[in-house]
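In what follows, a single structure is set out as structure tokens and then discussed.
The values are calculated or read from the model by the stated rules, or taken from the named source; none is laboratory data. Just so it is clear, the model here is predicted, and its values are computed rather than measured. Note: ideal-geometry Cβ built from the backbone for every residue, glycine included; neighbour counts use all protein chains shown. These area figures cover heavy atoms from the full protein model, side chains too; ligands, DNA and RNA do not enter into them. Shrake-Rupley method; radii C 1.70, N 1.55, O 1.52, S 1.80 Å.
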Amino acid sequence: MTDSIDIHPGTTLVSYHEGYAFVNPARWSPDGTRIFSAGYSYESAQIWDPLTGQTLLQLPHNIGSSGAAAWSPDSLSLAVAIGGADQTIHIYDTETGQMRVKCGNGGHTNWTLTISWSPDGRFLATGYYCYAVVIWDAQTGRKSSLLEAHQTTINSIAWSPDGQYLATASDDGLVYVWNAHTATIVYTYKGHNPGVTVVAWSPDSLLLASGNGGAIHIWQALAGQLLTAYQHSSGQISELNWSPDGQYLAVGAWYAPQVVYDIQRTTILATYDKATAFTNNVSWSVDSSLLACTGEGVHLWEVHTDKTILRRGQPTTIYTSRPSPDGSLIATVNATNLYIWEASTGSTIAIYRPTSTYIQSIDWSPTGTSIVSGHMYGEVLTWNIVSRDARPLTRTYLGQQGTENSRYTIVASVAYAPGGKLLAAARCKTIFIWDVETGEEVLVYRGHENELEHTLGVRRLCWSPDGQYLASCSEDVIQVWDVRTGQHIQQFSGDSEQVMDLAWSPTDGRIAVAQGTDISIWEASSGKRLAIYSEHLQKTIAVSWSPDGQMLASVGSEQDTVHVWTAANGLISKGYVYRGHSPSSSVFAGVKDAHWLPDGKHIVSSAREVNIWRARY
């Protein structure tokens, strides 16, 4: 960046992008010429050339989000599970993208988890959040038969390469081997505890690999004799895939590296950690040399040389970016990763991947040596930013609180007090304060807990400049309270609209509140509204003060813009609108927040990319 006075406000100086959106699945075509991949972002369902990464065919954006997709044996068709209200299987022509057949219209009543073609291409087997395997006629889309034996969710189905058998794995802990012609069970494998997530045939149809938690079993398909057992570092195996030559078994797992096992030597051949994310799929090239690994985008990994041949994906949505106290570094968060990069060059310095749940909020310590992160399922963690060591996690203030309902555990805001001696975190409707040096809890504030209608709890916390008070907001109420006593001293709200953000002026007792389509300026001590900025056309979602307390940056739901304006001496002065972010049709890709750098001249704002731009002369 440069401080030249010739640079006009609104000029983008640095644009940063790192990371890709989740991809699940990625499937190599049997003829080895194409890959299908899909994710949760718009326009992510594509068939593409693995040599060049070039898109060959764009498919409807709503397909593939369940992760269930499979190529036909002749590579001419692609079966994909359609999520949402549809709950059907669509079979597409892989040359034209036209839908050939629709399997469903009531055949499944819930989300499809797994799809497998018969080797002759005549039938599809599908499993879902229910107890039966459905066999479909791939030419007509009609239901051919049902295989009913499992007692709960069917996670994985695999047709044997010789076409004689069908293996099914379920949360009931069983793997059934079915005669594909008579629809009868010929063997039941009971070697796992409940929760078998995946099953896969060896290319010669003699062996089965199955996964449960972190345990991988390789066993004789019709005899059940356990031949080899591996223990993966992850707690949840998501995929097993035999190499076409039968020598290796690739393993994908949640929040863990992909691993390739050498079957004959019963050892780990290679490990790949570049694509780690919530779900990892693995798919082999026909010559058993490359793996398509998913997670953050799709990575083509040359297994024997450990080289990444290609990396591809849609840009990830950035949720927040915060400048360090001296402005030299920026911390950027997408759903799962924390990126640290240089503000002057846009160069990534470090990537931290918590092996837990989605990051919801972050804050820098006043010294700039650590970052605190709040997570979806209740964790509050701190990270050593200075050491760059392999284990940067330094303290866990709150542990995971379960995954059944995140609205009761989400840590929506974390904030260091000025001076850095105290740390505050809001989890649902409860606010915790700790002594940073000792890690001891010094106060628990429950002033929002009687707001029964506020199911999402506290959205944001901000400290007064002297560190004596905290302001906290729930959906339509702002409270100010004394952190020394926990005493509530003020409460105010402008209207019934949702409060999305608040920020305390760094120089005095004013609080800026993003509520409805307005930004309101309130006096913390009296609860009096001093001024209103009403230039946003849609709901406001973020607000930030300049270091001198004279200007504000605010973000609305107008997608790709940031408003910069003045609030001084009780008066509002219109400024300008920054439009430097890339336009996007996705509702998830708009600007999420904007924060002033310590120099008071620049702002960092987050959308699909993170921009640092000149805010004023």
Looking across segment 291-325 at residues that are of a type in the set (S, T, N, Q) and part of a loop (DSSP other than H, G, I, E, B), the single one that is surrounded by the most Cβ atoms within 10 Å (Cβ to Cβ) is 316
Filtering segment 330-355 for residues that are open to solvent by 30 Å² or more (accessible area, probe 1.4 Å) and part of a strand (DSSP E or B) leaves a count of 4
Residue 205 passes all but one of the listed conditions (1) open to solvent by 20 Å² or more (accessible area, probe 1.4 Å); (2) at positive phi; (3) not basic (Lys, Arg); the exception is number (1)
Considering segment 17-37, residues that are within 18 Å of residue 313 (Cβ to Cβ) and open to solvent by less than 10 Å² (accessible area, probe 1.4 Å), and then whichever is modelled with the lowest pLDDT, we arrive at 19
When you check residue 271 against the structure, is it open to solvent by less than 10 Å² (accessible area, probe 1.4 Å) and in a strand (DSSP E or B), yes or no?
no
Every listed condition ((1) surrounded by fewer than 15 Cβ atoms within 10 Å (Cβ to Cβ); (2) within 23 Å of residue 29 (Cα to Cα)) holds for residue 266 save (2)
Looking across segment 495-505 at residues that are charged (D, E, K, R) and crowded, with 16+ Cβ neighbours inside 10 Å, the single one that is farthest from residue 562 (Cα to Cα) is 497
Exercise. For segment 560-583, does any single residue satisfy the condition of being touching a His at 6+ places or on another chain (Cβ under 8 Å), closer than 23 Å to residue 317 by Cα, at pLDDT below 85 and surrounded by 17 or more Cβ atoms within 10 Å (Cβ to Cβ)?
Worked result: yes
Among residues of segment 337-370 being at pLDDT 95 or above and of a type in the set (A, V, I, L, M), the residue farthest from residue 18 (Cα to Cα) is 362
Is segment 249-258 home to any residue that is surrounded by fewer than 22 Cβ atoms within 10 Å (Cβ to Cβ), at pLDDT below 95 and of a type in the set (S, T, N, Q)? no
Counted residues in segment 506-532 being over 11 Å from residue 478 (Cα atoms) and either open to solvent by 10 Å² or more (accessible area, probe 1.4 Å) or among the polar types (S, T, N, Q) (or both) come to 16
Of those in segment 91-112 that are at pLDDT below 90 and in a strand (DSSP E or B), the residue farthest from the chain's Cα centre (by Cα) is 103
With criteria (1) of a type in the set (A, V, I, L, M); (2) surrounded by fewer than 16 Cβ atoms within 10 Å (Cβ to Cβ); (3) under 32 Å from the mean Cα position of the chain (by Cα), residue 489 comes up short on (3)
Do we find that residue 543 is of a type in the set (A, V, I, L, M), touching a Lys or Arg at 6+ places or on another chain (Cβ under 8 Å) and either under 21 Å from residue 416 (Cβ atoms) or open to solvent by 30 Å² or more (accessible area, probe 1.4 Å) (or both) in this structure? no
Among the residues of segment 584-591, is any among the hydrophobic types (A, V, I, L, M, F, W, C), in contact (Cβ under 8 Å) with a residue 24 or more places away in the chain and outside any loop (DSSP other than H, G, I, E, B)?
no
Going through (1) hydroxyl-bearing (Ser, Thr, Tyr); (2) within 30 Å of residue 547 (Cα to Cα); (3) open to solvent by less than 10 Å² (accessible area, probe 1.4 Å); (4) in a loop (DSSP other than H, G, I, E, B) one by one, residue 288 fails only at (2)
